[in-house]
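Quick notes on the structure that follows.
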Amino acid sequence: MTLTPQLTSPRAVASSQDASRTLIATGINHALHDGYTDLIYVLLPVLQAEFGLGYVALGLLRTLYSGTMAALQIPASHLGQVLGARTVLVLGTLLSAVGYTIAGASGGLLGLCAGLALGGAGSSTQHPLASAVVARAYGRSARGPLGTYNFTGDLGKASLPALVGLLLTLLSWRMALWIVAGMGVVVALGVGLLLPRDPASPAESQGEAPPAGKPHHAGTERIGFWLLVAIGTLDNAARPAFLLYLPFLLQAKGAALTTVGLALSLTFVGGALGKAVCGRLGERLGVTTTVIVTEAGTALAILAVITLPLAPVLILLPVLGVMLNGTSSVLYGTVPELAPGGRVEQAFATFYTCTLGGSALAIPLLYGRLGDAVGPSWAAIAGAGTALAVVPIMLALSPHLAKRAVVQQPLPR
């Protein structure tokens with residue numbers, strides 16, 4: 001029988017000290033890049049006033065960063081196989097810092113767009129390579145650390161945009177961008193110093209050929225992986241499909257703007273906790289049970305938010321946040337187990353490309369139009385339906401997970 005080299009070979013699993021250093025380095029890097037991705041929201045009103053932009057143009061500015069990041073995940077993973085994950089992670093972080101430096105130094109809209117596109121290109125290196133490095137460092141125990149790694153991104157989303165918002169009260173937006181660009185240089189140097197060499201050689205990362213007479217079950221492996229991608233795409237679409245309309249649902253219940261801000265904060269705090277907890281919960285309850293519980297709970301909680309009065313909704317939102325974001329940690333932790341041919345970097349790159357890209361297309365093309373046609377409540381119900389659509393696909397994936405568990409058992413002596 002064939003074993004996935006990244007998860008079973010002793011050479012593919014780092015020492016506990018190296019594994020901890022890997023998680024720290026990739027976690028800090030993840031926080032920076034997710035903060036880089038979301039700080040654009042704080043800048044949008046400033047950029048609107050500076051350049052006289054409409055809402056469509058502002059949306060395109062946001063898409064420049066996230067769209068470039070999603071589109072270059074797979075090329076970034078191939079580059080990591082050539083140069084090594086550590087080198088590409090350092091270079092990617094430096095490129096993102098250069099992007100924000102150019103954006104801050106630009107005298108016009110063209111330079112700003114170029115800077116944002118460069119920043120997105122640099123951030124494309126982070127998700128697939130860092131996830132694969134953590135998976136190899138921890139081997140079969142990677143599900144929990146991958147959840148922790150996923151959680152660090154939410155810390156960056158919560159802290160870096162807030163920091164930029166504070167800086168904007170003291171400095172110009174260009175100076176604020178130069179400061180966060182300097183932070184990127186510091187983080188890149190830290191990643192270069194902290195992150196150990198890849199625990200698997202390039203040859204190992206390509207997977208080992210199955211021994212004669214021991215079929216690799218490549219077809220089953222690919223089916224399981226693409227079922228996982230479909231689940232991740234639906235899960236990643238359900239979150240923004242609901243969050244897009246949450247402020248309007250709350251205002252319809254009489255919430256003031258300050259209450260809306262509090263409600264979003266409660267949801268995001270729950271989401272960060274969900275990413276930290278659900279990855280490890282998946283190790284204990286199993287992937288199938290955890291995903292079904294979180295997705296069904298998400299759908300029920302969304303329906304409750306639509307129907308309940310404001311006060312109970314505010315109490316419910318942190319719990320909804322846990323389930324709304326927690327599934328992603330379980331899914332990320334499953335990618336190495338279903339990586340076709342044991343190619344973990346390529347699997348993560350494909351997974352992130354499909355889930356991020358699919359969500360980016362679905363929000364304006366599907367859920368946005370649905371909201372215009374039938375209103376926020378029914379559009380949010382569609383988000384709940386999207387979460388529930390995960391359940392039958394997860395049941396179809398479950399046998400593939402069971403087969404992989406059998407394949408990855410230690411060989412008899």
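The values are calculated or read from the model by the stated rules, or taken from the named source; none is laboratory data. Remember, predicted model here, so these are calculated numbers, not experimental data. Heads up, the Cβs are rebuilt from the backbone with ideal geometry, glycines too, and the neighbour counts pull from every protein chain shown.
Things worth noting here:
- Residue check, GLY279 more than 24 Å from THR258 (Cβ to Cβ), in a helix (DSSP H, G or I) and of a type outside the set (A, V, I, L, M, F, W, C): yes
- Selection within the range 305-329 - of a type in the set (Val, Ile, Thr) and modelled with pLDDT under 85: none
- The helices (runs of 4 or more DSSP H) found entirely in the range 335-400 that carry 1 or more residues being modelled with pLDDT under 80 are 344-362, 368-374.
- Answer from VAL164, VAL185 - the residue that is at pLDDT below 90, of a type in the set (Val, Ile, Thr) and closer than 20 Å to LEU116 by Cβ: VAL164
- Within the range 30-85, being over 22 Å from CYS354 (Cα atoms) and outside any helix (DSSP H, G or I) holds for LEU39, GLY52, LEU53, GLY54, GLY84.
- Any hit, the range 105-122, residues being polar (S, T, N, Q) and within 15 Å of TYR36 (Cα to Cα): no
- Of all residues in the range 327-360, those being within 16 Å of ALA241 (Cα to Cα) and surrounded by 23 or more Cβ atoms within 10 Å (Cβ to Cβ) number 3.
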